[in-house]
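Some notes on the structure that comes next.
The values are calculated or read from the model by the stated rules, or taken from the named source; none is laboratory data. What you see is a predicted model; the values in this text were computed from it and never measured. Positions of Cβ are generated from backbone atoms using ideal geometry, with glycine treated the same way; all protein chains shown enter the neighbour counts.
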Amino acid sequence: MERVVITGMGIWSCLGKGKTEVEASLREGRSGIVMDPVRKEMGFRSGLTGHVEMPDLKNVLGRRQRVGMAEEAFYAYVATAEAFEQAGITDELLQREEVGILYGNDSSALAVVESVDALRRKKDTTLIGSGSIFQSMNSTVTMNLSTIYRLRGINFTVSGACASGSHAIGMAFMLIQQGLQRMVLCGGAQEVNPIAFCSFDGISAFSVREDEPTKASRPFDKGRDGLVPSGGAASLVLESLSSALERGATILGEVLGYGFSSNGLHISDPDLNGQVRALNMVLKMADVGPADIGYINAHATSTPIGDTVEAQALHSVFGGSKPPVSSTKSLTGHECWMAGASEIVYCLLMMQGGFLAPNINFDEPDADSERLNIIERPLNKRVDVMLSNSFGFGGTNSSLVLKRYA
């Protein structure tokens, strides 16, 4: 089996535009959540959201390249450009190697609505626009990035709700481990526009703590009242250790394992057994024990039932060792399809920077979270092995283990 390492990463989120800004936000425990009055005008119950700037690519890509890109594809492009630069991926290398792409994305709602609105307004399908079809497909990220960069390896979108980004990394890990690919661009993207989130708001999934936006996302806190939507994109370059050494690439970390499961029960409620099975699977695949995990980036989204079940799962598996735990969603809100990938970037920044980001707004534990070792403030600490959880609607569960390369 090939060892699988990470040689590049890029991020575009409400915490910052690129790794440098994002790391500063993580170190300071600075939230990227704001109040959006437009959502209230549209009829949203909650106007809270992560604030993500739209990249300006007019001087970077040609019009024909941009016309088929949905909002989330713009985010994914800038994250990928940053990841490729760090990994030393050149045009010549992309033509020489069969580099693959696996990206997590589970919606392109705005593009769909805009094309339907155009049809209703103009009464003529030929006036919808040639780029609409490519924007409105869930595979908008993979189809655009694969053609822009001329990628010739594996190429498809992973659609697994809020575990999409994590599953994309896990699938890339297994393909490289088995020798089927040498290098894969993987990650996750999430559109941030109101159209993408109106149905979530309609089922009262969001926090309504609008008076203090930065205190609204409260993973594991007893007073949590719902999640805050957010998004952006995160990209990682995974490759075999032999490929990285051959290229002389800088190795940022190693992927040790990928655990997954399906609850097979309720379409939206989490399940303790399903999460525990994914956690046990990833530990077995990574060949580590619970005591070897030095930090856990929890999925915890700040929902009452979701955080409760995850706290129970973490206590069940790690109760004997009690590693430090935090949910970076306290800072970012829930980045949904992107979260499983962005939180791997956050973990790598912490691992390389020798610190752990805090679980802010954790004012009072509940009966389950009080049994965990939750970090309330930024902590300077070297950690060599980290675990990241991602769980999604439909009962899909994913856990990844990362290790400092040695």
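Which one is surrounded by the fewest Cβ atoms within 10 Å (Cβ to Cβ) among residues in region 357-392 that are in a strand (DSSP E or B) and aliphatic (A, V, I, L, M)?
Restricting to residues being in a strand (DSSP E or B) and aliphatic (A, V, I, L, M), the top hit is 379.
Can you pull out every residue in region 232-252 that is surrounded by fewer than 22 Cβ atoms within 10 Å (Cβ to Cβ) and either within 18 Å of the chain's Cα centre (by Cα) or not in a strand (DSSP E or B) (or both)? Step through it out loud before you land on a result.
First, the residues of region 232-252 that are surrounded by fewer than 22 Cβ atoms within 10 Å (Cβ to Cβ): 240-243, 245-251.
Once the filter is applied, which keeps residues that are surrounded by fewer than 22 Cβ atoms within 10 Å (Cβ to Cβ) and either within 18 Å of the chain's Cα centre (by Cα) or not in a strand (DSSP E or B) (or both), region 232-252 yields 241, 242, 243, 245, 246, 247, 248, 249, 250, 251.
Scan region 122-131 and tell me whether some residue there is of a type in the set (Lys, Arg) and closer than 24 Å to residue 250 by Cβ. Steps first, please.
Kept after step one, since they are of a type in the set (Lys, Arg), are these residues of region 122-131: 122-123.
Filter once more, so that each one left must be closer than 24 Å to residue 250 by Cβ: none.
No, region 122-131 contains no residue that is of a type in the set (Lys, Arg) and closer than 24 Å to residue 250 by Cβ.
Looking at residue 278 and the list (1) within 21 Å of residue 341 (Cα to Cα); (2) surrounded by fewer than 17 Cβ atoms within 10 Å (Cβ to Cβ), which single condition is not satisfied?
(2)
State yes or no: is residue 164 modelled with pLDDT of 95 or more, in the same structural domain as residue 45 (by TED's automatic domain parsing), in a loop (DSSP other than H, G, I, E, B) and within 23 Å of residue 267 (Cβ to Cβ)?
Working: modelled with pLDDT of 95 or more: yes; in the same structural domain as residue 45 (by TED's automatic domain parsing): yes; in a loop (DSSP other than H, G, I, E, B): no; within 23 Å of residue 267 (Cβ to Cβ): yes.
For residue 164, the condition - modelled with pLDDT of 95 or more, in the same structural domain as residue 45 (by TED's automatic domain parsing), in a loop (DSSP other than H, G, I, E, B) and within 23 Å of residue 267 (Cβ to Cβ) - is not met.
Could you give me the residue pairs with C-beta distances under 6 Å whose first residue belongs to region 35-64 and is touching a residue at least 40 places away in the same chain (Cβ under 8 Å) and at negative phi, whose second residue is surrounded by 13 or more Cβ atoms within 10 Å (Cβ to Cβ) and among the β-branched types (Val, Ile, Thr) wherever it lies, and which are 6+ apart or on separate chains?
Qualifying pairs under 6 Å: 36/49; 46/208; 48/228; 50/33; 50/332; 52/192; 55/78.
Being surrounded by fewer than 21 Cβ atoms within 10 Å (Cβ to Cβ) and either of a type outside the set (D, E, K, R) or outside any helix (DSSP H, G or I) (or both): is that true of residue 173 here?
Against the criterion (surrounded by fewer than 21 Cβ atoms within 10 Å (Cβ to Cβ) and either of a type outside the set (D, E, K, R) or outside any helix (DSSP H, G or I) (or both)), residue 173 does not qualify.
Tell me, please, whether a residue that is in the same structural domain as residue 205 (by TED's automatic domain parsing) and under 20 Å from residue 253 (Cα atoms) can be found in region 55-72. Break it down into steps so the answer makes sense when it comes.
Here is the first cut: in region 55-72, the ones in the same structural domain as residue 205 (by TED's automatic domain parsing) are 55-72.
Subset that is under 20 Å from residue 253 (Cα atoms): none.
The answer is no; no qualifying residue exists.
What residue, among those in region 25-61 that are aliphatic (A, V, I, L, M) and outside any loop (DSSP other than H, G, I, E, B), is nearest to residue 360 (Cα to Cα)?
Out of the qualifying residues, it is 26.
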